[in-house]
Structures are given as structure tokens and as C-alpha cells.
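J.: First, the structure itself, so that you have it in front of you.
Please treat every number below as a calculation from the coordinates, not as lab data. This one's a predicted model, so the numbers in the text were calculated from it and none came from an experiment. Please note: Cβ atoms are built from the backbone with ideal geometry, for glycine as well, and neighbour counts cover all protein chains shown.
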Amino acid sequence: MKALTWADIRKIGRSDNANRWYPCDEVAEYFANIRSPSRAWPNSYAKAAQTQKFAKWLAANRPEIAAKIW
């Protein structure tokens, strides 16, 4: 299982005007215990989404979304 890239995570989330990335509602539960993005730390969710741990969670818990990415 490979970690997701920026191109991959753009498919499962959105960025706001300050370039902070937020996940879509279908995968948002994974990020419940992660610091939310701010202007000082705009990539907190994005960096968590680019880990192998998240890729494994996505494949196990949301296989239909994982299939769209890979």
C-alpha cells in the first residue's frame, strides 16, 4: 500500500482560499483527532492523509473511495 500524493488527496477533499485542505465527509472521521488546519499550519490534514496509515485505513474502511483513487 502506497501513501497518497497531492493529486490523490485532491480527489477526496477540497482546499479553501487560504490553501487549507479539508477531507470530504465520507473520510472526515479519520481526521477527528488531528489538529485542524489554520493559516499557521495549513497542511495538518493533508499531511495525515499522505501517510501509509491513512492509505491502509481508507482501503479497509472505505474501499469504494480507495478504488476511485487507485
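J.: Could you list, ordered by first residue, the pairs with Cβ atoms under 6 Å in which the first is in segment 41-58 and among the hydrophobic types (A, V, I, L, M, F, W, C) and the second is surrounded by 19 or more Cβ atoms within 10 Å (Cβ to Cβ) and outside any helix (DSSP H, G or I), at least 6 apart or interchain?
T.: A46/W21; A49/L4; A55/L4
J.: Which residue out of D8, D25 is touching a residue at least 60 places away in the same chain (Cβ under 8 Å), out of contact with any Leu (no Cβ under 9 Å at 6 or more places or on another chain) and not aromatic (F, W, Y)? Outline the logic, then answer.
T.: Values: D25 fails: touching a residue at least 60 places away in the same chain (Cβ under 8 Å).
Of the residues listed, the single one that is touching a residue at least 60 places away in the same chain (Cβ under 8 Å), out of contact with any Leu (no Cβ under 9 Å at 6 or more places or on another chain) and not aromatic (F, W, Y) is D8.
J.: Related question: Name the single residue, out of those in segment 1-33 being part of a loop (DSSP other than H, G, I, E, B) and small (G, A, S), that is surrounded by the fewest Cβ atoms within 10 Å (Cβ to Cβ).
T.: Taking segment 1-33 first, the residues part of a loop (DSSP other than H, G, I, E, B) are 1-5, 11-12, 16-20, 24-27, 32-33.
When the remaining residues are screened for being small (G, A, S), the result is 3, 18, 32.
Details: A3: 14, A18: 9, A32: 7.
Taking the candidates together, the pick is A32.
J.: Right, something else. Can you pull out every residue in segment 34-67 that is within 26 Å of N17 (Cα to Cα), assigned to a helix (DSSP H, G or I) and of a type in the set (S, T, N, Q)?
T.: Looking only at segment 34-67, we keep the residues that are within 26 Å of N17 (Cα to Cα), and these are 34-51, 54, 65.
Checking the rest, the ones that are also assigned to a helix (DSSP H, G or I) come to 44-49, 54, 65.
Across segment 34-67, the qualifying residue is only S44.
J.: Can you tell me which residue within segment 34-70, out of those that are of a type in the set (S, T, Y) and closer than 16 Å to T5 by Cα, is surrounded by the fewest Cβ atoms within 10 Å (Cβ to Cβ)? Can you show your working first?
T.: Here is the first cut: in segment 34-70, the ones of a type in the set (S, T, Y) are 36, 38, 44-45, 51.
Cutting the leftovers down to closer than 16 Å to T5 by Cα gives us 44-45, 51.
On the way: S44: 17, Y45: 23, T51: 12.
Per the criteria, the residue is T51.
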